[in-house]
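One structure is given here, and the rest of the page talks about it.
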Amino acid sequence: MTSYINYKFSSKGEKMEKNQIPKHVGIIMDGNGRWAKQQGKPRIFGHKEGAERVIDIVRASKNIGIKYLTLYAFSTENWKRSVDEVKGLMLLFEQFLKGQKKLMLKENVSLRIVGRKDGVSDRLLKIIDEIEKDTYLENPALELNIAFNYGGRPEIIDGINKLLQEGKKSVCEEEFKNYLYNTYIPDPELIIRTSGEFRTSNFLLWQSAYSEYYITETLWPDFKEEQLILAIDSYVTRERRFGGAK
Ligand code: IPE
Ligand code: IPE
Ligand code: MG
C-alpha cells in the first residue's frame, strides 16, 4: 500500500508540504446498491458493507491528518426509495451510532449529524442528540460530520428562512455562512464521489463553490485507505486558482 510519506511528494516529484493535505474532505458515498447487486445480494447488504468502510475511512482520515470529514449518508431525496430500503437505512444508521460511540471516544473523534429533522423518528433524533453530546470534544483529532437527511438546497433555504425570521433584509456571503448548519467548519478543499457518477446530488452546494472534485469508479464498499490516498495524492498535485490567473 502507498505509504503516508508519499504525500510529501507530488506525482511530478516535487516536494509537498504536509499542510497541503486538505483540512476538510467531503465524500459522496455512492455505489452500495450496485456493489450488492454484483454479489447477487439485496441492496441492504451493500449498505451494511458501506457502514464498515465508514469506520475504515474515519481511521485513515485521522492518520492522514484530515481535520474534518463530511460523509453523505442519506439525502433529502433518498426518501423516494422503497419503504424497505429506507427502513433498513434508518435502522443501520441507528445501529452504527450506538455501536461506534466507544470507538469514536477511543479515537478522539467528535461526531456531528447535519441535516433536517423532518421525517426522522423521535427515537433516532434522541440517539443523535446523545451521541453528539457524548462525543463532544474541544479539540478532537477529527471531526466527523455525517450528512443525514441532508440536502444542499434545503440547507440554503433553511438559512434564508432563519435570517428572514430574524428580520434581516440582506446579508453578505460571510454573514450567510452563519446561517448554514455547520457554521465554523472551513469549506471542503476536496470532495470525493465513489461509483463513477459525475454529479453533486445536492451535497454541500454552498460550501463546494471552489472544492476540487475527485471521482472514482470504485464503489463505496470497496473504497479503502488506499483509494483515499489516491484521492489525496490527486488533490495535492492540483493547482487551485479561485478565479485568479498566473
Ligand atoms: C449510496 O449507495 C448510499 C445511499 C445513497 C444511501 P446507493 O444506494 O445509492 O447505491 P447505488 O448508487 O444504487 O449503487
Ligand atoms: C447521493 O447518492 C446521496 C448519498 C450518497 C447519500 P444517490 O445515489 O442518492 O444519488 P443519485 O440519485 O444517483 O443522484
Ligand atoms: Mg447511488
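The values are calculated or read from the model by the stated rules, or taken from the named source; none is laboratory data. Because the structure is predicted, anything quoted here is derived from the model rather than measured. FYI the Cβ positions are ideal-geometry reconstructions off the backbone, even for glycines, and counts take in every protein chain you see.
Tell me whether the range 52-67 contains one or more residues that are farther than 15 Å from Glu107 by Cβ and not small (Gly, Ala, Ser). Checked against the condition, which is being farther than 15 Å from Glu107 by Cβ and not small (Gly, Ala, Ser), the range 52-67 yields at least one hit. Filtered by the rule that a residue be outside any loop (DSSP other than H, G, I, E, B), of a type in the set (A, V, I, L, M, F, W, C), away from ligand 2 (no atom under 15 Å from the Cβ) and crowded, with 17+ Cβ neighbours inside 10 Å, the range 177-231 gives Leu190, Leu228, Ile229, Ala231.
Just one residue in the set Tyr210, Tyr184, Tyr214 is hydroxyl-bearing (Ser, Thr, Tyr), modelled with pLDDT of 95 or more, away from ligand 3 (no atom under 16 Å from the Cβ) and under 30 Å from Leu164 (Cβ atoms); that residue is Tyr210. Taking every residue in the range 114-127 that is in contact (Cβ under 8 Å) with a residue 40 or more places away in the chain and pairing it with any residue that is β-branched (Val, Ile, Thr) and assigned to a loop (DSSP other than H, G, I, E, B), at least 6 positions away or on another chain, the pairs with Cβ-Cβ distances below 9 Å are Gly115/Thr76; Arg116/Thr76; Gly119/Thr76. Scanning the range 232-246 for residues that are assigned to a loop (DSSP other than H, G, I, E, B), touching a residue at least 24 places away in the same chain (Cβ under 8 Å) and on the phi < 0 side of the Ramachandran plot returns Thr237, Arg238, Arg240.
Filtered by the rule that a residue be out of contact with any Ser or Thr (no Cβ under 6 Å at 6 or more places or on another chain), of a type in the set (Gly, Ala, Ser) and surrounded by 14 or more Cβ atoms within 10 Å (Cβ to Cβ), the range 103-146 gives Gly115, Ala141. Restricting attention to the range 61-96 and to residues that are within 16 Å of ligand 3 (Cβ to nearest atom) and among the charged types (D, E, K, R), the residue that is farthest from Phe223 (Cα to Cα) turns out to be Lys80.
Number of residues in the range 22-41 that are surrounded by fewer than 21 Cβ atoms within 10 Å (Cβ to Cβ), away from ligand 1 (no atom under 14 Å from the Cβ) and touching a residue at least 24 places away in the same chain (Cβ under 8 Å): the value is 1. Do we find that Tyr136 is part of a loop (DSSP other than H, G, I, E, B), closer than 30 Å to Ala209 by Cα and either in contact with a Leu (Cβ under 8 Å, 6 or more places away or on another chain) or not polar (S, T, N, Q) (or both) in this structure? Here the answer is yes, as Tyr136 does meet what is asked.
The single condition among (1) within 26 Å of Gly65 (Cα to Cα); (2) within 16 Å of ligand 2 (Cβ to nearest atom); (3) aromatic (Phe, Trp, Tyr) that Phe242 does not satisfy is (2). Checking each residue in the range 42-100 for being among the β-branched types (Val, Ile, Thr), away from ligand 1 (no atom under 13 Å from the Cβ) and in a helix (DSSP H, G or I) picks out Ile55, Ile57, Val58, Ile64, Val83.
Inspect all residues belonging to the range 196-214 and state whether any of them is without any contact (Cβ under 8 Å) to a residue 12 or more places away in the chain and of a type in the set (Gly, Ala, Ser). No.
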